[in-house]
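Engineer: My questions will all concern the structure given below.
Bear in mind that the values in this text are calculations on the coordinates, not laboratory data. Bear in mind that the values here come from a model prediction, so they are computed numbers and not experimental data. Cβ: placed from backbone, ideal geometry, glycine included. Neighbour counts: every protein chain shown.
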Amino acid sequence: LAADLDLRALRADLDRGLYFDSSIPQGYGVGSSGAMVAALYALYARNPLPLDEANEPEKLMMLKAEMAQMECYFHGKSSGMDPTICYLQLPLLVRSSEDLGTVSMPSLPTDGRGGIFLLNSGSPGETQPMVQIFMDKLKEEGFRHLMTDQFKKYNDACVSAFLDGKTDVLLRELKKLSGLVLENFGPMIPNDYHNLWQKGIDTNAYYLKLCGSGGGGYILGFAPDLEHAKAELDPHRMDVVLRF
């Protein structure tokens, strides 16, 4: 293991009935395995990264690599982002493969009409098959170009707009990203949600995005007017997580 864990202590605790008590649903794309890995690291790493050193890029990259290796047990492949965020309790921004840092959440009005929400598809997704579909598609030159030329551009624009508090720009770029995902990531979108996904793009009432690897679980949504989006999405339940 890249992380130096006290596995004997872990085994002893397991023999005494250790279990992980979490309210995060499994297979819903909201970090259940990341929380598990972060908890194991916090409890059993012999030299865990002190939280006050999280602003040092080299140490942060090393922590992410250690977390990625541990989370591979669940998914076969992992970026290490979810467990790193869970451990630090801070949002992270990936600028490049060698540039990772913590960021602050933007100051947004808490009583705005727009916001971010979750839709529950009602069934969990399986991460490893979805990751394998994505890795297989990356073998296609056209798909690789799409990821670097379009997906990354729209995604970066969304992140920048959100961090700058420019919600109008965020929604404009999300529409492009949502359409790109619908067109090219069909197998990862639950079958019952394809039409709903397109409806949001056509009406501009909301824009949907995959959570985690997709295939089920939660779907992330963004809306300029949450009440209007709620009416358009009825009878699907919408859980608001942030207003702007």
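Engineer: Sorting Val169, Val103, Val37, Val181 on the 10 Å Cβ count, fewest up front, what's the list?
Structural biologist: Numbers: Val169 15, Val103 12, Val37 28, Val181 20.
Listed from fewest to most nearby Cβ atoms, that is Val103, Val169, Val181, Val37.
Engineer: On to the next question. Considering the dipole of the chain built from charges on the beta carbon (Lys and Arg +1, Asp and Glu -1) around the Cα centre, which of Gly142, Leu51, Val169 is farthest to its positive end?
Structural biologist: Farthest along the dipole direction, towards plus: Gly142.
Engineer: For the pairs Lys77/Lys199; Lys64/Lys209; Lys77/Lys209; Lys137/Lys176; Lys59/Lys175; Lys166/Lys199, note any where the Cα-Cα span goes beyond 30 Å. List each step's numbers first, then the result.
Structural biologist: Values: Lys77/Lys199 33 Å; Lys64/Lys209 24 Å; Lys77/Lys209 21 Å; Lys137/Lys176 20 Å; Lys59/Lys175 36 Å; Lys166/Lys199 24 Å.
Cα-Cα > 30 Å for Lys77/Lys199; Lys59/Lys175; rest within.
Engineer: How large is the helix-only mean residue ellipticity at 222 nm for the chain, computed as the sum of -39500 (n - 2.57) over DSSP H runs with n ≥ 4, divided by its residue count, in deg cm²/dmol to the nearest 500? Write out the running numbers ahead of the final one.
Structural biologist: Details: 10 runs with 114 residues, N = 244.
Helix-only estimate at 222 nm: -14500 deg cm²/dmol.
Engineer: Also, quick follow-up: How big is the shadow of the Cα convex hull of region 28-163, averaged over all directions, in nm²?
Structural biologist: On the way: hull surface 41.6 nm².
Seen from a random direction, the Cα hull of region 28-163 projects 10.4 nm² on average.
Engineer: What is the distance in Å between the Cα centres of region 93-110 and region 143-200?
Structural biologist: Distance between centres, Cα-based: 18 Å.
Engineer: Over the chain, what is the relative contact order in whole percent, taking alpha-carbon pairs under 8 Å and six or more residues apart?
Structural biologist: Numbers: 361 pairs, mean separation 59.0, N = 244.
Result for the chain is 24 percent.
Engineer: Here's something else I'd like to know. P(r) for the chain: what percent of alpha-carbon pairs falls in each 10 Å bin, starting at zero?
Structural biologist: 7, 27, 35, 23, 7, 1
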